[in-house]
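Data first, discussion second: the structure below is written as structure tokens.
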Amino acid sequence: MIQGVVNSRCEATLPVVIGNTGGHKQVIDAVIDTGFNGFLTLPSIMISDLSLPWSASDIGSLGDGSEALFDLYAATIIWDGQYHEIDVAESETEPLIGMALLYGYRLQIDVTEGGIVRIEALQSP
């Protein structure tokens, strides 16, 4: 189980350990964004600090229906106690967790300031 907290802006947040292939790691607090279908976004300063390697560019849809070009970087995260290789989209906003990272998990949020955010793996049939 992964656990986080609802912040003062009523955002569901989770701590995430992210790093590069060289072993440099950092703990970040990321906001869950169910409208984002990728794995994770990070601002350019964090991508630079972590020395994440560029892997590709991709077009993504924004909340207003427009499209934008995003640079993607390769990263390693610890998710539910396991290391995973993911794509990180560069975006000059706070770090966001998308639905690709949540796929196969149950999300529960106690929606009140300081409320608990729980992520649990779904049981395989």
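The values are calculated or read from the model by the stated rules, or taken from the named source; none is laboratory data. This is a predicted model, so every value here is computed, not measured. Cβ: placed from backbone, ideal geometry, glycine included. Neighbour counts: every protein chain shown.
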If we only count strands (runs of 3 or more DSSP E) wholly inside region 48-117, which ones have 1 or more residues that are among the basic types (Lys, Arg)? 105-109
How do the pairs read when you match residues in region 19-44 that are in contact (Cβ under 8 Å) with a residue 12 or more places away in the chain with residues anywhere that are among the acidic types (Asp, Glu) and surrounded by 13 or more Cβ atoms within 10 Å (Cβ to Cβ), using Cβ under 6 Å and keeping only pairs 6 or more apart or on different chains? 31/11; 31/94; 39/87; 44/90
Name, by its number, the condition in (1) outside any loop (DSSP other than H, G, I, E, B); (2) of a type outside the set (Gly, Ala, Ser); (3) exposed (fewer than 11 other Cβ atoms within 10 Å of the Cβ); (4) modelled with pLDDT under 90 that does not hold for residue 45. (4)
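I'm trying to understand the selection: among the residues of region 62-107, which are of a type in the set (Ser, Thr, Tyr), over 13 Å from residue 17 (Cβ atoms) and surrounded by 12 or more Cβ atoms within 10 Å (Cβ to Cβ)?
Kept after step one, since they are of a type in the set (Ser, Thr, Tyr), are these residues of region 62-107: 66, 73, 76, 83, 91, 93, 103, 105.
Keeping just the survivors that are over 13 Å from residue 17 (Cβ atoms) gives 66, 73, 91, 93, 103, 105.
Of everything in region 62-107, those that are of a type in the set (Ser, Thr, Tyr), over 13 Å from residue 17 (Cβ atoms) and surrounded by 12 or more Cβ atoms within 10 Å (Cβ to Cβ) turn out to be 73, 91, 105.
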